[in-house]
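Q: Structure in structure tokens, see below.
A short reminder: the numbers here are calculations on the coordinates, not readings from a lab. If you're wondering where the values come from, they're calculated on a predicted model, not measured in any experiment. A quick note on method: Cβ atoms are made from the backbone with ideal geometry, for glycine too, and the neighbour counts reach across all protein chains shown.
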Amino acid sequence: MCSIVEHHCDHFCINTPGSYLCRCKQGYILNADQKTCSTQDLCAVEKHACEQICVNTPGSYVCQCYEGYELDADGKSCVVVDYCALDNHGCQHECVNTKDSYYCRCHPGFILNPDKRTCGKPDYCSLQDHGCEQECVNTDDSYFCQCQEGFRLNPDKKTCKRVDHCVEGNHGCEQLCLNTGDSYVCQCSEGFVINEDLKTCSRVDHCALSDHGCEHLCVNGDRSYTCQCFEGYRLRNDGKTCKRKNVCKSVNHGCEHICVNADNSYVCKCREGFVLREDGKTCRREDICKSVSHGCEHICVNEDDSYVCKCHEGFLLREDGKTCRNKDICSSVHHGCEHVCVNADESYICQCYEGFALREDGRTCRNKDVCNSVDHGCEHICVNTDSSYLCQCYEGFVLRDDKKTCKSKDICKSISHGCEHLCVNNDDSYTCQCHDGFILRQDGKTCRSKDICKSVNHGCEHVCASAGDSFVCKCQEGFQLREDGKTCRNKDLCKSVNHGCEHVCVNSGDSYTCKCHDGFLLREDGKTCRNKDICNSVDHGCEQVCVNTEDSYICQCHEEFILKEDGKTCRYKDVCNSVDHSCEHICVNTGDSYVCKCHEDFILREDGKTCRNKDLCKSIDHGCEHVCINTNNSYSCQCHEGFVLRQDGRTCRRCTEGPIDLVFVIDGSKSLGEDNFEIVKQFVSGILDTLEISPKAARVGLLQYSTEVRTEFTLKQFSSAKDMKKAVSQMKYMGRGSMTGLALRQMSERSFTETEGARPFSANVPRISIVFTDGRAQDEVSEWATRAKQRGIIIYAIGIGKAIEEELLEIASEPSYKHLFYAEDFTALEDISEELRAQICEALRESPHQQDASSGRLHRTGPQPSGPESTTIAITDVIDCPHLAVHHKYLFEDSHIHSTTARASKDNDQCKCENLVTFQNYATSEVRKLTQRYILSE
């Protein structure tokens, strides 16, 4: 129902069967219209017993005291601590408490009257020799000289002059014109000196004229110089030396656990219980054996990123890598082996001595080689059998009947008989024989053919003639035998073959060659002929030169000409020299035309002819104070990090010299301590040193808060850093409670009003607040931090020590990585100060207008606090309800809450009305008890 009807519920809409109910947030009650919600006034409905003031908190209330009083230990009654709180004790300006009394003090620029209570402005004009020629006028803390009508104050700020020659004449001064008696002189602004023409000015090189002491870079400014650092470094508070930026934040360090800055680099470290690996970045556990269930039967040994199991002496590790077995089973049992017992994994085996084999019983042994142990009498080979032996013969032999001696199977095969054709066995010898058509020679081994020409492949091309034991080849008439002694060739090949020669065939050895008539050349085919001079034999059409090629011709051009695409006519090679190209720098020929190009360090303009310098910054006197950047056909001036460009577009000023309204909100609670409060004051002074304090530039105010909020000075109270730092040094430590929300409220509603010195929104001056805290607030901070950010105030939150990160996230503007700073102790304040100055400078440089209200939206994205004294429980039991999206976070101190919440989360039907109501009642009760305990303990 909640999603399909206009329920008009002020806070939450909860579905019921066929309808819906409206519910309110924690600390609110449902009004009579059953739709809207109002704050629950527990101070009015319960008996609070507060002696002076009762203040409602979500689900409970706290007691507070009037100004000048402090809450007693019972949390209800009040005791006097501030004598000045009672009507300021009659002091007109400020009442200052002492140990047992008080005294009155005047605002800067006033002095205490004899009644020791009221204040009056001093008459500086009458108290000292002011030197004014005409009129002296008192200011808050000094005086100034003023001239009568028709006169103007001279540059000495004391004497007056009637005539202004500078206005009346065309003086031609580049910067300043100064009236003198009857004329004028030109002068230069601070940081410049007059040139010889007595009209123009040149910048003073302060870096060259003084021993600037800058560790890295010296940069000239209008009045003096500033020191700057190389990239990756940041200027220290002394304004001269440099230190490395936070290397861990500025590089991708790759440390698995912790990155620690070390001089100009960083080192990776590991959390407790881990050690750094050899790569210097990743970590491994010191004792993996203790941190895992290793399952080792005997011993677990750590090994780099893992562990190995080992066994006690006398045992071996099994294949499972965890359990162990006895190394020597043979010694531990009665094995019964005749010769040798050998351990084998989980058991043992019997083995025999060399020359013996194990019998089938697996324990006793027999001799392996009977042949070597007896006189066997075998002529060739003795072969062992199971318990005996037998004789065998070599291949090609057979065993005789005595079963010991051997005879050959085939004598012809068993010896090298030497027979050319056939070997024939006959009893214990052999004879050689020849194939049919052959006869045995006298050596009794070789054979010869009866007709050699018929019996061999003689290879004669024409005729074979027998000659004793061999033959000769002969040729027919008209042929002659070649050198190979077998083939024949015709005595005149040109006549005997179709040679194909176009002109002449010439015999050459076993072949022939074709030749051409005079005036012709043989083509590559070796048969046909072509005319030697084609150019003279055809109409070639070449404009200048015809050159014969193999079977054709090509046209060529005279020197300084090149052939056109038609392959016949010619054009001039150098078009650039033959036409008026108008190229400013270089003309380059391209085919039938040309292109213009520029000298090195120049680029061609769009007209394709003229050139411009690539680096205008180097080629002209650009006048940029810091950096000149080339932009297409021009250039622009830019400034170094930490500076912004002035309206003249050339000179630079520090980004902190610009207009800014800044209010410090400083924690003065008792948890801080006086020593640390002094460190915080030094921190504030350090920030002030970087700002140009003046009514037109930076205006600074400061609030200190404890149980109450005290305005130390407003945005309009001081106009110089000296007076402001003096006020900071004299600031008295309050040393009581911690009402951070109350301080944020005063900062948001009062500190940035025009009444207290803030410039109007229409002036587009950034409004910035730096909130410093070292512990948990005793009141609600989220609402007032959100309101301040919605009003366009940029808030930087600085937390030290016990500061709660969730509260810091609620206070700081987004993104939190730029606006939230935290350190475990006060030694890190210098680094925080430098980083804070850089972030404020970046914010002022990037956004000159007021921050959009949307940037003040709050997102709870930070990690939750943890520790032994408190536990954060995210109560999300109602998140899964279809039409109710609520997520509360409560902080409980009792560990038993875990089990209660866990049981509630197991309820499968969490969206039932009764479950939701039970849950809300439980949460309300726990928050009320927690709030009461926590505030009273503070």
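Q: Assuming R0 = 51 Å, what is the FRET efficiency of residue 761 and residue 323, from their Cβ-Cβ distance, to the nearest 0.05? Before the final figure, lay out the partial values.
A: Working: r = 80 Å, r/R0 = 1.56.
With R0 = 51 Å, the Cβ-Cβ based efficiency is 0.05.
Q: Over the chain, what is the relative contact order in percent, taking alpha-carbon pairs closer than 8 angstrom and at least six residues apart?
A: Taking the mean separation of contacting Cα pairs over the length of the chain, I get 4 percent.
Q: Another question about this same structure. Suppose only helical runs count, i.e. DSSP H with n ≥ 4. What mean residue ellipticity at 222 nm does that imply for the chain under -39500 (n - 2.57) per run, divided by all residues and rounded to the nearest 500 deg cm²/dmol? Intermediate values should be presented prior to the final figure.
A: On the way: 23 runs with 160 residues, N = 938.
That calculation yields -4000 deg cm²/dmol at 222 nm.
Q: Quick check: residue separation of residue 333 and residue 401 times 0.36 nm, minus the Cα distance between them. What number comes out in nm?
A: Between residue 333 and residue 401, full extension yields 19.1 nm more.
Q: Local charge sum around residue 538 (other residues, Cβ-Cβ under 14 Å, Lys/Arg +1, Asp/Glu -1)?
A: That sum, taken over residues with Cβ under 14 Å, equals 0.
Q: Once you place label points 7 Å from the Cα toward the Cβ at residue 682 and residue 426, how far apart are they in nm?
A: Taking the two extended label points, one gets 13.2 nm.
Q: Mind checking which helices in the chain clear 24 Å along their axis (Cα) and have mean Kyte-Doolittle hydropathy of -1.0 or more, DSSP H runs only?
A: Span-like helices in the chain: 829-846, 913-937.
Q: While we're on this one: Of the cross-linked pairs 243/722; 681/818; 245/281; 681/716; 404/445, which ones have a Cα-Cα span greater than 31 Å in the structure shown? Let's see the in-between values first.
A: Values: 243/722 27 Å; 681/818 23 Å; 245/281 20 Å; 681/716 20 Å; 404/445 35 Å.
Those over the limit are 404/445.
Q: Next question, about the same structure. Which lysines have a Cα lying under 23 Å from the Cα of residue 474, excluding residues fewer than 8 positions away in the same chain?
A: Cα-Cα hits under 23 Å: 450, 454, 486, 491, 495.
Q: On to the next question. Have a look at 591, 209, 494 and report the one farthest towards the positive end of the charge dipole of the chain, computed about the Cα centre with Cβ charges (Lys/Arg +1, Asp/Glu -1).
A: In the chain, that residue is 494.
Q: Determine the gain in length on full extension of the stretch residue 486-residue 159; use 0.36 nm per residue of separation and subtract their C-alpha separation, reporting nm with one decimal.
A: Gain on extension, residue 486 to residue 159, equals 103.6 nm.
Q: Shape verdict for the range 743-826, please, from the Cα gyration tensor: rounded (a/c under 1.5), prolate (a/b greater than b/c) or oblate.
A: Prolate.
Q: Find out how many positive minus negative residues lie around residue 401, taking Lys and Arg as positive, Asp and Glu as negative, among other residues whose Cβ is under 15 Å from that of residue 401.
A: +2
Q: Just grab the label-to-label distance for residue 465 and residue 32, each label 7 Å out from Cα along the Cβ direction, in nm (one decimal).
A: 15.7
Q: Let's test the formula: R0 of 56 Å, r as the Cβ-Cβ distance of residue 97 and residue 149. What FRET efficiency results, to the nearest 0.05?
A: 0.65
Q: Can you pull the one-decimal nm distance between simple spin-label points at residue 582 and residue 240, each 7 Å off the Cα toward Cβ?
A: 6.2
Q: Once a ≥ b ≥ c are taken as the square roots of the eigenvalues of the Cα gyration tensor of the range 658-856, is the result rounded (a/c under 1.5), prolate (a/b larger than b/c) or oblate (a/b not larger than b/c)?
A: Values: a/c = 1.36, a/b = 1.18, b/c = 1.15.
It is rounded, given that a/c, with a ≥ b ≥ c, falls under 1.5.
Q: To continue, here is another question. How much FRET efficiency would the formula 1/(1 + (r/R0)^6) give for residue 554 and residue 513, where r is the Cβ-Cβ distance and R0 is 30 Å, rounded to 0.05?
A: The value I calculate is 0.50.
Q: May I pose another question? Report the extension gain between residue 783 and residue 723 in nm, rounded to one decimal, defined as 0.36 nm multiplied by the number of residues separating them, less their alpha carbon distance. Could the numbers behind the result be given before it?
A: Numbers: separation 60, 0.36 × 60 = 21.60 nm, distance 3.42 nm.
Roughly 18.2 nm would be gained on extension.
Q: Going 7 Å from the Cα of residue 450 in the Cα-to-Cβ direction, what parts of the range 457-500 have a backbone nitrogen less than 14 Å from that spot?
A: Counting backbone N atoms under 14 Å from the label point, the list is empty.
Q: Quick one: order 381, 693, 620 by neighbouring beta-carbon count within 10 Å, fewest to most.
A: Least to most surrounded, the residues fall as 620, 381, 693.
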